[in-house]
Amino acid sequence: ASSESSIQVTPAADRKQPGSDALVVTSQDGITTITLNRPDKKNALTTQMYHDIILALEAASKDDSAITVLTGNGDYYCSGNDLTNFTDIPPGGVEEKARSGAVLLRDFVDCFIDFPKPLVAVVNGPAVGISVTILGLFDIVYATDRATFHTPFSHLGQSPEGCSSYTFPKIMGPSKATEMLVFGKKLTAREACTQGLVTEVFPDSTFQKEVWVRLKAYSKLPPNAMRISKQVIRNTEKEKLHAINAEESNVLRERWLSDECMNAVVSFLSKKAKL
Amino acid sequence: ASSESSIQVTPAADRKQPGSDALVVTSQDGITTITLNRPDKKNALTTQMYHDIILALEAASKDDSAITVLTGNGDYYCSGNDLTNFTDIPPGGVEEKARSGAVLLRDFVDCFIDFPKPLVAVVNGPAVGISVTILGLFDIVYATDRATFHTPFSHLGQSPEGCSSYTFPKIMGPSKATEMLVFGKKLTAREACTQGLVTEVFPDSTFQKEVWVRLKAYSKLPPNAMRISKQVIRNTEKEKLHAINAEESNVLRERWLSDECMNAVVSFLSKKAKL
Amino acid sequence: ASSESSIQVTPAADRKQPGSDALVVTSQDGITTITLNRPDKKNALTTQMYHDIILALEAASKDDSAITVLTGNGDYYCSGNDLTNFTDIPPGGVEEKARSGAVLLRDFVDCFIDFPKPLVAVVNGPAVGISVTILGLFDIVYATDRATFHTPFSHLGQSPEGCSSYTFPKIMGPSKATEMLVFGKKLTAREACTQGLVTEVFPDSTFQKEVWVRLKAYSKLPPNAMRISKQVIRNTEKEKLHAINAEESNVLRERWLSDECMNAVVSFLSKKAKL
């Protein structure tokens with residue numbers, strides 16, 4: 001693994017995974033799998049991991065796989081943005097921090113908007129924050145029945161990202177989307193499936209087996225047809241999605257500089273430190 | 001209460017409500033509540049009430065509440081447009097009546113489109129017509145299991161308003177939206193919830209208690225974050241909603257002058273008078 | 001029946017239907033019914049039938065019926081595009097075939113986008129391919145519980161049409177739409193109803209009776225109000241639908257000339273010939 005990156009690419013199926021790096025990428029059976037691998041931190045996303053996921057998606061878009069998967073290692077799928085990201089203030093101060101954070105967020109989400117092949121989320125456990133909001137940009141979302149979906153933005157003085165301000169109302173109607181995005185209601189996997197955010201829910205005991213059997217079957221379909229069909233669907237709203245992403249990132253930059261947000265994040269980290 | 005208005009504002013929690021006016025506004029626990037208060041007429045909306053709801057929403061948008069609620073007093077949530085509005089013909093005749101009616105409708109719906117804070121419908125009983133169609137513009141819709149949702153536009157020779165021609169197909173798909181909006185199918189609360197129009201349904205016996213406990217909890221979240229999150233969601237389609245509202249109001253103005261509509265309304269009022 | 005057309009129009013209710021032509025049109029009780037009548041071929045659509053359905057819709061848009069119905073005769077609703085259409089190569093070769101096929105497809109779908117009255121699908125059995133994708137353009141979709149909904153585009157090296165790349169994600173969310181349109185998942189009638197593609201499902205034993213009782217009741221509502229309400233709904237996205245249709249048809253034209261598609265269709269027809 002490079003000293004500048006937490007990414008570990010293992011193109012060959014038999015290559016052993018180190019397990020120590022925060023992002024693991026494997027490619028097998030026509031499927032490239034990007035695994036969040038910070039199980040002791042519930043796969044919370046560090047700034048480095050945002051960069052590395054961008055690189056991993058760019059590589060996967062060009063490799064010979066038919067399908068790309070994002071999943072998590074351990075009990076959690078992803079606990080969202082690592083809030084310690086907020087405490088690492090650069091020389092430019094909090095304004096520069098907010099600016100660069102908004103640029104990174106926008107670039108990160110743009111990669112999901114533009115990803116050219118079928119993109120599948122294998123949600124192996126609870127999902128929080130940005131790992132939930134970007135699900136609206138995936139082509140398939142399979143979830144274990146242990147998964148939950150939680151976006152406590154208001155609680156942290158923040159606002160929706162990942163194009164969720166547009167995709168969630170479209171998927172579940174505004175009145176269910178708002179309960180999640182504005183009031184922070186946590187959904188069970190079954191609820192998320194009923195509301196269309198999740199494609200299908202599987203019992204945790206057979207989740208991995210059932211999902212991978214199905215994905216391997218899908219990966220054998222004509223790859224160009226799948227890629228082009230996915231793009232035909234995405235192109236109906238790609239321009240809109242980029243505009244939404246830009247606006248959401250701008251609003252969040254301002255939120256991050258607000259007293260409401262700073263106080264809420266400090267309060268959250270203090271409580272956590274006391275545990 | 002002013003002689004020119006049916007609105008009664010009671011900013012202080014302990015102020016007694018007169019109960020005689022058609023609209024009652026209270027503010028408590030960070031929640032401003034606008035109550036339709038014409039229970040003997042099933043909370044049918046008079047022309048005056050449209051004007052007063054506009055004023056109440058404008059006041060609520062500027063007060064220090066975090067959340068605004070619309071609800072009804074008595075068995076009904078709202079039986080829709082009071083059809084006796086049609087019989088009060090001004091000196092300008094039916095054409096002037098239709099013109100001013102369309103302007104009022106458009107202004108009324110624009111207020112819901114532009115409302116800047118989380119807006120919650122507490123649907124305490126059956127809802128009809130415009131009280132149903134504007135639900136697509138609310139951020140949360142809680143309903144008792146006694147509620148029903150009915151838009152008998154075609155039966156009255158009319159056409160959809162409240163942006164429902166856009167929001168309903170978006171929420172429930174075109175084939176379920178059309179059955180409601182074009183063929184006048186009445187939904188139960190459970191059906192409306194399954195189809196995404198309603199956020200959650202509660203047993204009538206615990207409805208008021210459960211809903212207000214939840215709303216009071218929500219009202220304590222950071223108010224700016226909630227307001228901004230709501231606006232980020234709304235801004236993705238605000239321009240579109242205004243255009244839809246203008247078009248729906250124009251079409252309705254023509255409908256109101258059609259023989260189909262006049263005959264249907266006369267027939268409805270005659271039957272009612274005989275009861 | 002004309003020698004140039006498979007269409008058979010029987011405006012009078014008591015006129016006997018020949019049963020030999022591939023499309024039968026009847027008009028009764030304010031309802032014009034277009035019936036796919038190739039039951040031995042599971043109502044697969046020949047090139048001639050595409051042309052004839054266009055003519056039938058144009059005629060129905062101008063007749064005095066209030067509602068128009070599309071249904072199938074026999075066990076199937078429609079098995080989609082008759083793949084033998086691909087084997088009838090004109091003097092201009094496969095390029096000319098693909099070009100004219102894309103023009104016909106676009107004209108066919110445009111008729112459904114522009115149809116001015118309520119359009120109802122009475123899905124009497126399994127539906128495949130384009131008979132499924134255009135359901136997103138109907139105003140009501142009633143289905144027997146024997147019906148299934150299947151779009152195996154990728155399996156045949158093809159891509160979505162009928163505006164489904166836009167309507168399906170809007171109706172059921174992107175993650176359920178993609179499983180159907182990209183991965184070819186077949187839905188039961190109940191699943192299609194839960195996901196909003198189907199308005200209501202009926203037991204097969206009472207399907208015809210229940211559906212026609214309901215449609216006859218609907219056909220007695222004020223016809224102008226219904227027509228105008230349907231158009232108000234459709235006009236919110238008519239321009240978008242035409243653009244989507246043009247793009248989908250262009251992409252399909254290229255797909256039809258691809259090796260993936262040619263090989264997949266030849267393979268399908270070979271397997272079928274061996275049965």
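Some points to look at:
- Taken over the range C:185-212, the criterion of being surrounded by fewer than 19 Cβ atoms within 10 Å (Cβ to Cβ) and under 29 Å from A:Lys230 (Cβ atoms) is satisfied by C:Lys186, C:Thr188, C:Arg190, C:Glu191, C:Thr194.
- All helices (runs of 4 or more DSSP H) inside the range B:93-209 with 2 or more residues being touching a helix residue (DSSP H, G or I) at 6+ places or on another chain (Cβ under 9 Å) and β-branched (Val, Ile, Thr): B:93-114, B:130-133, B:164-172
- Among the residues of the range B:185-206, the ones that are of a type in the set (Phe, Trp, Tyr) and either closer than 21 Å to B:Pro174 by Cβ or in contact with a Pro (Cβ under 6 Å, 6 or more places away or on another chain) (or both) come to 0 in all.
- C:Val182, sole failed condition from (1) surrounded by fewer than 24 Cβ atoms within 10 Å (Cβ to Cβ); (2) closer than 22 Å to C:Ile244 by Cα: (1)
- A:Lys271 vs. criteria away from chain B (no Cβ under 14 Å), free of Cβ contacts under 8 Å to residues at least 40 places away in the same chain and either of a type outside the set (A, V, I, L, M) or under 24 Å from B:Cys163 (Cβ atoms) (or both): yes
- Close pairs from the range B:18-40: first at pLDDT 95 or above, partner aromatic (Phe, Trp, Tyr), Cβ under 8 Å, at least 6 apart: B:Leu36/B:Tyr77; B:Pro39/B:Tyr76
- Scanning the range A:149-187 for residues that are in contact with a strand residue (DSSP E or B) (Cβ under 6 Å, 6 or more places away or on another chain) and touching a residue at least 12 places away in the same chain (Cβ under 8 Å) yields A:Phe149, A:His150, A:Lys186, A:Leu187.
- Extreme residue, nearest to C:Ile89 (Cα to Cα), among residues of the range C:234-246 that are assigned to a helix (DSSP H, G or I) and without any contact (Cβ under 8 Å) to a residue 12 or more places away in the chain: C:Ala243
- Check on C:Phe112, surrounded by 16 or more Cβ atoms within 10 Å (Cβ to Cβ), among the aromatic types (Phe, Trp, Tyr) and in contact with a His (Cβ under 9 Å, 6 or more places away or on another chain): no
- B:Thr188 vs. criteria farther than 25 Å from B:Pro118 by Cβ, of a type outside the set (A, V, I, L, M), in contact with an Asp or Glu (Cβ under 6 Å, 6 or more places away or on another chain) and more than 9 Å from chain A (Cβ to nearest Cβ): no
- Number of residues in the range C:192-216 that are within 14 Å of chain A (Cβ to nearest Cβ) and touching a strand residue (DSSP E or B) at 6+ places or on another chain (Cβ under 8 Å): the value is 4.
- Residue list for the range B:236-260, restricted to those being over 20 Å from the mean Cα position of the chain (by Cα), polar (S, T, N, Q) and either more than 11 Å from chain C (Cβ to nearest Cβ) or under 15 Å from C:Val232 (Cα atoms) (or both): B:Thr236
- When each of B:Leu269, B:Leu215, B:Leu221 is tested for being surrounded by 21 or more Cβ atoms within 10 Å (Cβ to Cβ) and part of a helix (DSSP H, G or I), the lone residue that passes is B:Leu215.
The values are calculated or read from the model by the stated rules, or taken from the named source; none is laboratory data. Since this is a predicted model, take the numbers as computed values, not measurements. FYI the Cβ positions are ideal-geometry reconstructions off the backbone, even for glycines, and counts take in every protein chain you see.
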